[in-house]
Ligand SMILES: [Zn+2]
């Protein structure tokens, strides 16, 4: 396990989906399209786990790497409040899976440099776009520096890393992972600046503090939520 102090340079990819508890496939819109119609009552969006995956270009000051994060680490990296995550989940339940991909490799998604794709036959709509836009932190508040416990990403030897396509609802969306980059998978992510993190939480009273058990002051006084 590597312990690295990383600065997020550019968020390159974000995927959101609801996972069907009955069959394990991703939902298409508000129901699972894989389960038989009779079983869809038991495969409702309300009970489905909400999954998020993020890919970002990061640096530790000595070189760059491609960092993959999933689950709660995504929300830590984006510093998304509970209310913002709920909004993204609602949008995903209406038209997911949702994928944000860059238009150009140098443009960070957080600066509006990307486009969202939803499930075929569905539309994101104005409310959905508004909820998804809130996922991108404002430049002034976004804390790009984190301490991340990472492991190297497993990439098949000899496999090309560019042009990897993600399939969403039958459509192919290009993933612009840079060639020959070092791949890292985040296992734990902690914002470096606790004061900035505390100010962000206080500025969003509706989000509240994470509940008991989600915050701990570790050896470094870190946020372990
Ligand atoms: Zn299913």
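Nothing in this text is a laboratory measurement; each read-out follows from the coordinates by a stated rule. Note that the structure is predicted; figures quoted are calculated from it, not measured. Don't worry about glycine lacking a Cβ; one is built from the backbone with ideal geometry, like all the others, and counts go over all protein chains shown.
Each peptide in 12-18, 63-69, 125-131 was scored by the mean count of other Cβ atoms within 10 Å over its residues; highest first, the order is 12-18, 63-69, 125-131.
Starting from the Kirkwood Rh over alpha-carbon pairs, what translational D in µm² s⁻¹ does the stretch 1-92 have by Stokes-Einstein at 10 °C and 1.306 mPa s?
Working: Rh = 14.8 Å.
In µm²/s, the coefficient is 107.
Counting only Cα atoms, the size of the stretch 33-160 along its three principal axes is 55, 39, 27 Å, in decreasing order.
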